[in-house]
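A.B. asks: Can you keep this structure in mind? I'll have questions shortly.
The values are calculated or read from the model by the stated rules, or taken from the named source; none is laboratory data. Model, not experiment: these values are computed from the prediction. Neighbour counts are summed over all protein chains in view; Cβ atoms, including those assigned to glycine, are modelled from backbone coordinates with ideal geometry. Only protein heavy atoms, including side chains, enter the accessible area calculation; ligands, DNA and RNA are left aside. Shrake-Rupley method; radii C 1.70, N 1.55, O 1.52, S 1.80 Å.
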Amino acid sequence: MVLMQFFKLALVNISHRRTRSFLTIIGIFIGIAAVVALISLGSGLQETVNAEFERIGADKLVIAPGNALFGPSAAYTSSVLTDSDLKQVKRVRGVKLVAPTVRKSVLVSMGDKTANVFLFGMPTDESKIVIEEFFDLNIVAGRKLDSKDNYKALVGASLWDDVPLGRKVRLGDALSYAGKNIVVVGLIKKSGDPTTDGGIIMPLEPAKVLLETTSYAYLSVKVERGVKPSQLVAPIEKKLRSSRGVKEGHEDFTVQTTEQLGDSFNNILGVVQAIVVGIAAISLLVGGIGIMNTMYTSVIERTREIGIMKAIGAKNRDIMLLFLIESGVLGLVGGLVGVILGITLSKIAQALAERALGVGLFKPFLPAELIIGALLFSLVIGTLSGVLPARQASRLQPVEALRYE
């Protein structure tokens, strides 16, 4: 009963200082809003990507040159994958299909426009199933590539307007394959991957000729039914080490299951989230200091009131509890405003991402644990920020407090 009275008194005191109270909680609600928005968006992206990896990867793994599939070492490695590597992988027991892919940035002319795009060369035999599943190559108009195609192509969603179905794409004028026309026979559904959405896909062998390459960007592997991809990582690595003449621990290639790819993505996303949340925590610290400052000011302003309360029987713990409730309410209100603002920001970010990318990768994930945790955290921050001012208020001597002007 007494606790409820203290709570009501705290709300009255806060309402009497609306402007100061609002300015006090700015740091709290900005920090909480940032944390809620970033974690919800990051978790939503994580859920979406994990679901996508699960959809495509129960029976697949990827082999790439270099020592990473993500990051600079994957993009700028000097090692390559060759036909010899392709043959070695096919010989591993448990491997069902191996789909090689070539990839290179090229200059193309599309009507009166020119642009640098990624040109992919992908197989048109049975192994193309692996590529189609990996890249989610859903055709929305036209047809897929087949084994009879040479200079035919599929184009990503970002190129639809510039290169509609049936249009010819002319390869750039500064390259050895200048002057070659490729006819668009299919349009690929938007996936959200800018590389694929802005890329051109053609049959593997003609692409190798045009790009003047015999090496591959990566090998996509589909395993036999009943075989786990993780079971084939070691045998494939052993086979490739032997054929490439490298020792264990010094591999110039990477073999990863889609589960490992998902883990790599999650690790990168986790680091980014931690850094951003750490920056947002600075705002929470500033907010806590603001609450402490406000409570110290409140103690000075209400010194005579504290003296009267003590004179009529209030104990030190009652005074301390009153000020702790007041600072806790400031933190909780800031947290509540921050949660609402964070949810709003995450929804706005989702709408903007869907408009820009045309896919729902950024779907906010807002579990009850996140909301409750944010509110409890803001309550704790507010309460802890009021400990020292509350302690100071509780130690005031009644006689000295009543004489204070």
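A.B. asks: How many residues are open to solvent by less than 40 Å² (accessible area, probe 1.4 Å) and either in a helix (DSSP H, G or I) or of a type in the set (D, E, K, R) (or both) when one looks only at segment 382-394? Explain how you work it out, then say what you get.
C.D. replies: Initial filter on segment 382-394 (open to solvent by less than 40 Å² (accessible area, probe 1.4 Å)): 382, 385-386, 389-390, 393-394.
Next, from what is left, pick out any that are either in a helix (DSSP H, G or I) or of a type in the set (D, E, K, R) (or both): 382, 385, 389-390, 393-394.
Counting residues in segment 382-394 that are open to solvent by less than 40 Å² (accessible area, probe 1.4 Å) and either in a helix (DSSP H, G or I) or of a type in the set (D, E, K, R) (or both) gives 6.
A.B. asks: What number of residues within segment 257-278 satisfy the criterion of being over 17 Å from the mean Cα position of the chain (by Cα) and either modelled with pLDDT of 85 or more or acidic (Asp, Glu) (or both)?
C.D. replies: 0
A.B. asks: Taking segment 345-376 on its own, how many of its residues are of a type outside the set (Gly, Ala, Ser), assigned to a helix (DSSP H, G or I), modelled with pLDDT under 85 and surrounded by 15 or more Cβ atoms within 10 Å (Cβ to Cβ)? First the steps, then the outcome.
C.D. replies: Narrowing segment 345-376 to residues of a type outside the set (Gly, Ala, Ser): 345, 347-348, 350, 352, 354-355, 357, 359, 361-367, 369-372, 375-376.
Narrowing further to those that are assigned to a helix (DSSP H, G or I): 345, 347-348, 350, 352, 354-355, 357, 369-372, 375-376.
Filter again for modelled with pLDDT under 85, leaving 350, 352, 354-355, 357, 370.
Narrowing the set further to residues that are surrounded by 15 or more Cβ atoms within 10 Å (Cβ to Cβ) leaves 350, 354, 357, 370.
The qualifying residues number 4.
A.B. asks: Okay, moving on. Residues of segment 311-346 being in contact with a Pro (Cβ under 8 Å, 6 or more places away or on another chain), hydroxyl-bearing (Ser, Thr, Tyr) and more than 23 Å from Gln5 (Cβ to Cβ), which ones?
C.D. replies: Looking only at segment 311-346, we keep the residues that are in contact with a Pro (Cβ under 8 Å, 6 or more places away or on another chain), and these are 311, 323, 327, 343, 346.
Then keep just the ones that are hydroxyl-bearing (Ser, Thr, Tyr); that gives 327, 346.
Of everything in segment 311-346, just one residue is in contact with a Pro (Cβ under 8 Å, 6 or more places away or on another chain), hydroxyl-bearing (Ser, Thr, Tyr) and more than 23 Å from Gln5 (Cβ to Cβ), namely Ser346.
A.B. asks: Give me the strands (runs of 3 or more DSSP E) completely within segment 95-143, filtered to those with at least 2 residues that are within 30 Å of Val227 (Cα to Cα) and in contact with a helix residue (DSSP H, G or I) (Cβ under 8 Å, 6 or more places away or on another chain), ordered by residue number.
C.D. replies: Fully inside segment 95-143 and qualifying: 95-110, 113-122.
A.B. asks: Please state which of the following conditions Leu402 fails to meet, knowing it meets all the rest: (1) farther than 19 Å from Arg304 by Cα; (2) at pLDDT below 80; (3) surrounded by 13 or more Cβ atoms within 10 Å (Cβ to Cβ).
C.D. replies: (1)
A.B. asks: For residues in segment 246-268 being part of a helix (DSSP H, G or I) and of a type in the set (S, T, N, Q), which is least open to solvent (accessible area, probe 1.4 Å)? Even if it seems obvious, please write down each step before you answer.
C.D. replies: Going residue by residue through segment 246-268, those that are part of a helix (DSSP H, G or I) are 258-268.
Add one more test, that the residue is of a type in the set (S, T, N, Q), and what stays is 258, 260, 264, 266-267.
Numbers: Thr258: 4, Gln260: 73, Ser264: 30, Asn266: 29, Asn267: 104 Å².
Taking the candidates together, the pick is Thr258.
A.B. asks: Give the residues of segment 60-93 that are assigned to a loop (DSSP other than H, G, I, E, B), at pLDDT below 90 and open to solvent by less than 40 Å² (accessible area, probe 1.4 Å), sorted by residue number.
C.D. replies: Gly66, Ala68, Ser79
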